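Have a look at the structure below before the remarks.
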Amino acid sequence: GAGVSQSPRYKVAKRGQDVALRCDPISGHVSLFWYQQALGQGPEFLTYFQNEAQLDKSGLPSDRFFAERPEGSVSTLKIQRTQQEDSAVYLCASSPSGSLYEQYFGPGTRLTVT
Amino acid sequence: DAKTTQPPSMDCAEGRAANLPCNHSTISGNEYVYWYRQIHSQGPQYIIHGLKNNETNEMASLIITEDRKSSTLILPHATLRDTAVYYCIVRVAFGTGTASKLTFGTGTRLQVTL
């Protein structure tokens, strides 16, 4: 079946612009995660949803970052007033309910802020 | 979650076994060892996980020491397609109700050569 998809795959934004990154998880997966991966580093956790509820947003670096999953399926990560330090690959992952299940990752969105 | 220590890089000849070590000396009794890998320009991919017994699947074997303070991921017959960054992750298991984030380090960059 289809895996996790993300769009756009690449995004270039001028500093100060707002961006929205979309994640389509695997159908039926309850849990959805967002991670940020800087160049040469491992992914870092941003936020976690169980269905439509955002249960953990401790990794969001500032109040410019906002995530939602209103119907418990598709999720959007929004970054307001982008800064150069926001340049990174943003990864989305989904999994069935439960902490032992593996997370299935999408290909990521590469954001470049100029 | 317990921290992990991995060598930054390793080389392996194609067709030979690749043995990737990981230290997790502060692991707790309810923490599992997970391995993911990330091929260039792709999202991370789950490989295997275990609690205290050795595990094997179609991709790899996981050997966990009796004291659980270290583990080794074994790719029995490495191919060029196994060239990737391999992440060892220690993850708390909350049970069936709540998923838990993955805490990646910088991983081991495995280069498989002809």
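Coordinate-derived values only; no laboratory data. Fair warning: this is a prediction, and the values are worked out from it, not measured in the lab. Note: ideal-geometry Cβ built from the backbone for every residue, glycine included; neighbour counts use all protein chains shown.
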What's the Cα-based Rg to Rh of chain A, Rh via Kirkwood?
-> 0.95
Fewest Cβ neighbours within 10 Å first, please rank B:ILE27, A:ILE26 accordingly.
-> A:ILE26, B:ILE27
The correct pair for region B:1-62, radius of gyration to one decimal and Dmax as a whole number, both in Å and from Cα atoms, is 12.9, 36
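How do B:HIS24, B:HIS77, B:HIS40, B:HIS49 line up, fewest other C-beta atoms within 10 Å first?
Details: B:HIS24 23, B:HIS77 10, B:HIS40 7, B:HIS49 19.
Going from least to most buried by this count: B:HIS40, B:HIS77, B:HIS49, B:HIS24.
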Per DSSP, loop trypsin sites (Lys or Arg not before Pro) in region A:33-114 with at most 13 further Cβ within 10 Å | A:ARG81
Cα centre as origin, Lys/Arg/Asp/Glu Cβ charges: chain B dipole, Debye = 220 debye
Springs between alpha-carbon atoms under 10 Å, Gaussian network over chain A: tell me which of A:GLN103, A:GLN17, A:GLN50 tops the mean-square fluctuations.
-> A:GLN17
For chain A, set up a Gaussian network in which alpha carbons nearer than 10 Å are linked by springs, and say which option among A:VAL30, A:VAL12, A:VAL74 fluctuates the most.
-> A:VAL12
With each label point set 7 Å from Cα along the Cα-Cβ vector, what nm distance links B:ASN19 and B:HIS40?
-> 2.8 nm
Residue-averaged beta-carbon neighbours from other chains (10 angstrom radius) around A:35-47 | 4
Choose one answer from A:SER31, A:SER73, A:SER97: the residue with the largest mean-square fluctuation in a GNM of chain A with alpha-carbon springs under 10 Å.
-> A:SER97
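Based on other C-beta atoms within 10 Å, arrange A:THR82, B:THR79 from fewest to most. Could the numbers behind the result be given before it?
Working: A:THR82 21, B:THR79 12.
By the 10 Å Cβ count, ascending: B:THR79, A:THR82.
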Hits in region A:35-76: amide N under 17 Å from the 7 Å Cα→Cβ extension of B:THR106, namely A:37-44
Isolated Cys in the protein assembly as shown, by beta carbon distance under 4.7 Å | B:CYS12
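Give the value in nm², to one decimal: projected area of the alpha carbon convex hull of chain B, averaged over all directions. Please report the intermediate quantities before stating the final value.
Numbers: hull surface 27.8 nm².
Over every viewing direction, the Cα hull of chain B projects on average to 7.0 nm².
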